[in-house]
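Novice: Structure below; questions to follow.
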Amino acid sequence: MPLVSMKQALEEAAKGGYGVGAFNVNNMEQIQAIMRAAEELDAPVIIQASRGALKYSDMVYLKKLMEAAVIRHPDVKVVLHLDHGNSPETCVQAMDLGFTSVMMDGSLMADGKTIASYEYNVEVTAKVVELAHARGVSVEGELGALGGIEDGHGAGIAVDDTTHLTDPEQAVDFVKKTGIDCLALAIGTSHGAYKTMRYDKDGNALPPRLALDRIEKIEANLAAAGFPDFPLVMHGSSSVPQELVAMVNKYGGKMKAAMGVPMEDIQFGIKRGVRKINVDTDGRIAMTAAVRKVFMETPEKFDPRDWLGPAREALYELIKGKMIDFGQAGHGKDYEPRSLEQIKAEYAAQKK
Ligand SMILES: [Zn+2]
């Protein structure tokens, strides 16, 4: 089974009415955990690497690990996606490596920090779409700017600042002008574990306030403009499970009070056109909790397999839960994958 295109994976998700988790990876254990969960649950899945990940693990290592994943799990439909590409050059690099999908995040300038103008975003995203579609590769764009910073990427917008949310009118114009395959929304989610500035009187974190009504508006506007079932993407969608944060802290960690996006909010989005859900932080917390437990309970251990193994197991359990909650479980055999060559021909036919 070759890697599949994001375009096809999300079209199928729209037909099936489910969301597809997009999980970030940096190493072998994470890839193995995600692929095992996908195979066991018969779930299509998106594996993504950020620029930070490609730097950490080296692009070639990551690419070869993904090739191994495809060989070991021939029945799993997996999209290999570049998360938050900062320039056409980075996106082309990923395409050259065999990524089947790229994100061009033109909401920020190439430094990954400065908020870009709308005009810049349209121009740079349209350029990547042209380059990508010529290869059958899918493109995710972003409109509005997300809060928080992850892997050094982000404008550092305060998580309670609502001035950079996606404008539902502009969303239609953006999709028309760029030709993207899916659109990342800024609806008040943010990257990282600390998504909220809201606390109760005892200092417990309260969930972030999301502009969920915008999802409905954006999806309706797109449908009215001739883009029915247009796939939307939620970034910063970790739920920051309280039991995992408590476990990290129980075993010597010092995570501050944190609260993520409640699963009900994500499921609300999935019912209204969200098809790709990015989850990174929850996996990090799950793995860290597992490693801390090993170190605290059995400090005599020194074989990396003794802690990387439990970390992999913890991530696998977490991902399984997400796949069930997002609805992607059981949809792995709904469709036959189309090759990037076929998808490329479809793009070319659309253009005419
Ligand atoms: Zn993101």
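Coordinate-derived values only; no laboratory data. Not measured: the values here are computed from a predicted model. Note: ideal-geometry Cβ built from the backbone for every residue, glycine included; neighbour counts use all protein chains shown.
Novice: What list of ³J(HN,Hα) values in whole Hz, one per residue of the stretch 115-131 in order, does the Karplus curve 6.51 cos²θ - 1.76 cosθ + 1.60 (θ = phi - 60°) give from phi, with Gly and Pro shown as x?
Specialist: Rounded to whole hertz, the list is 5, 8, 6, 4, 4, 4, 4, 4, 5, 6, 5, 4, 5, 5, 4, 4, 5.
Novice: While we're here: How much of the pair distance distribution for the chain lies past 32 Å, counting alpha-carbon pairs only, in percent?
Specialist: Percentage above 32 Å: 25.
Novice: List the lysines whose Cα sits under 28 Å from the Cα of LYS176, skipping any in the same chain fewer than 8 residues away.
Specialist: LYS7, LYS15, LYS113, LYS127, LYS217, LYS271, LYS276, LYS344, LYS351, LYS352
Novice: Rounded to the nearest 500, what is the 222 nm mean residue ellipticity of the chain from helices alone, with -39500 (n - 2.57) per DSSP H run of 4+ residues and division by all residues?
Specialist: -15000 deg cm²/dmol
Novice: Straight-line reach from LYS250: which lysines have Cα under 21 Å away, leaving out those fewer than 8 places along the same chain?
Specialist: Correct list for LYS250: LYS293, LYS301.
Novice: Multiply the residue separation of LYS250 and GLU346 by 0.36 nm, subtract the distance between their alpha-carbon atoms, and state the gained length in nm to one decimal.
Specialist: Roughly 29.2 nm would be gained on extension.
Novice: With charges set only on the Cβ (+1 for Lys and Arg, -1 for Asp and Glu), what does the dipole of the chain come to about its Cα centre, in debye to the nearest 20?
Specialist: 220 debye
Novice: In Å and from the alpha-carbon atoms only, list the Rg and Dmax of the stretch 1-149.
Specialist: Here Rg and the maximum Cα pair distance are 15.1, 45 Å.
Novice: Sticking with this structure for a sec: Measuring from label point to label point, each 7 Å out along Cα→Cβ, what is the LYS64 to LYS127 span in nm?
Specialist: 3.3 nm
Novice: Express the relative contact order of the stretch 191-330 as a whole percentage, based on alpha carbon pairs under 8 Å and six or more residues apart in sequence.
Specialist: Relative contact order for the stretch 191-330 comes out at 26 percent.
Novice: What spacing in nm lies between the two simple spin-label points modelled at MET263 and THR163, each 7 Å away from Cα in the Cβ direction?
Specialist: Output for this residue pair reads 3.7 nm.
Novice: Return the long-range amide H neighbours of VAL102 (sequence gap of 5 or more, or a different chain), with a cut-off of under 5 Å between placed amide H atoms.
Specialist: LEU82, SER138, VAL139, GLU140
Novice: Quick one: which residues, 5 or more positions from GLY330 or on another chain, have an amide H under 5 Å from its amide H? H modelled 1.01 Å from N in the peptide plane, none for Pro or chain starts.
Specialist: ASP42, ALA43
Novice: Continuing with this model, one more query. So, in nm, how far is label PHE302 from label ALA14 when the simple model puts each one 7 Å beyond its Cα toward the Cβ?
Specialist: Calculated label separation equals 5.7 nm.
Novice: So how long is each side of the stretch 214-315 along the principal axes, counting just the alpha-carbon atoms, biggest first, in Å?
Specialist: Over the stretch 214-315, Cα extents along the principal axes are 63, 27, 14 Å.
Novice: Multiplying the sequence separation of THR114 and TYR56 by 0.36 nm and subtracting their Cα-Cα distance, what value in nm do you get? Could the numbers behind the result be given before it?
Specialist: Details: separation 58, 0.36 × 58 = 20.88 nm, distance 2.30 nm.
Full-extension gain reported as 18.6 nm.
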